[in-house]
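A quick write-up on the structure given underneath.
The values are calculated or read from the model by the stated rules, or taken from the named source; none is laboratory data. This one's a predicted model, so the numbers in the text were calculated from it and none came from an experiment. Positions of Cβ are backbone-derived with ideal geometry, glycine not excepted, and every protein chain shown enters the neighbour counts. Ligands, DNA and RNA are stripped out before the accessible areas are found, and what is left, the full protein with its side chains, is counted by its heavy atoms. Shrake-Rupley method; radii C 1.70, N 1.55, O 1.52, S 1.80 Å.
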Amino acid sequence: QVQLVESGGGLAQAGGSLRLSCAASGRTFSSYAMGWFRQVPGKEREFVAAIRWSGGSTHYADSVKGRFTIYGDNAKNTVALQMNSLKPEDTAVYYCVAAQAFRGIYTVGGYDTWGQGTQVTVSS
């Protein structure tokens, strides 16, 4: 059983920064991509960012481009999300995700392993 464990969430002021980290633990794990989704109560989970290990390409939602940066280490199965210039609308539970095969980068269905989530709250 593979588990994804997130850390680094918390409270920040608008314009501030937070860094989320995620590590996979459990059995030997090989993934195609890892990334982050977020969810606000009453809304669907939305894609934030992802990194594909083959070629190292990164992908971002338009709402976070230029503000968030995803980093990853394939050998260690870790991924981090540096969030700068935070806005109140970034407030959400952030989920670390992993895909063992390509089924799409931007959709919930593209990922087969999910973390428990970590709360990020941005005050105005």
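In this view, the solvent-accessible surface of LYS87, computed with a 1.4 Å probe and all protein chains in place, comes to about 80 Å². Modelled spin labels at VAL108 and TRP53, positioned 7 Å past Cα toward Cβ, are 2.6 nm from each other. Dividing the convex hull volume of the alpha-carbon atoms in segment 73-124 by its residue count gives 100 Å³ per residue. The 3J(HN,Hα) values that the Karplus relation (6.51, -1.76, 1.60; θ = phi - 60°) gives for segment 38-53 are, in residue order, 9, 8, 9, x, x, 10, 6, 5, 10, 5, 10, 7, 8, 10, 9, 5 Hz. Gly and Pro appear as x.
Taking Cβ atoms as reference points and 15 Å as the exclusive limit, the residues near GLY16 contribute a net charge of +1, counting Lys and Arg as +1 and Asp and Glu as -1.
Surface analysis of the chain yields an accessible area of 50 Å² per residue, using protein heavy atoms and a 1.4 Å probe. Computed with a 1.4 Å probe on the full set of protein chains, the accessible area for VAL40 sits at about 60 Å². Looking at the chain, the pairs of alpha carbons with a distance over 24 Å make up 19% of the total.
Take every Cα pair under 8 Å whose residues are at least 6 apart in sequence, average their separation, divide by the length of the chain, and the relative contact order is 35 percent. Note on exposure: THR118, THR78 ranked by accessible area (1.4 Å probe, complete protein assembly) read THR78, THR118, with the most exposed listed first. Given axes a ≥ b ≥ c from the Cα gyration tensor, I'd like to know whether segment 1-46 is rounded (a/c under 1.5), prolate (a/b larger than b/c) or oblate. Since a/c reaches 1.5 and a/b is larger than b/c, the shape of segment 1-46 is classed as prolate.
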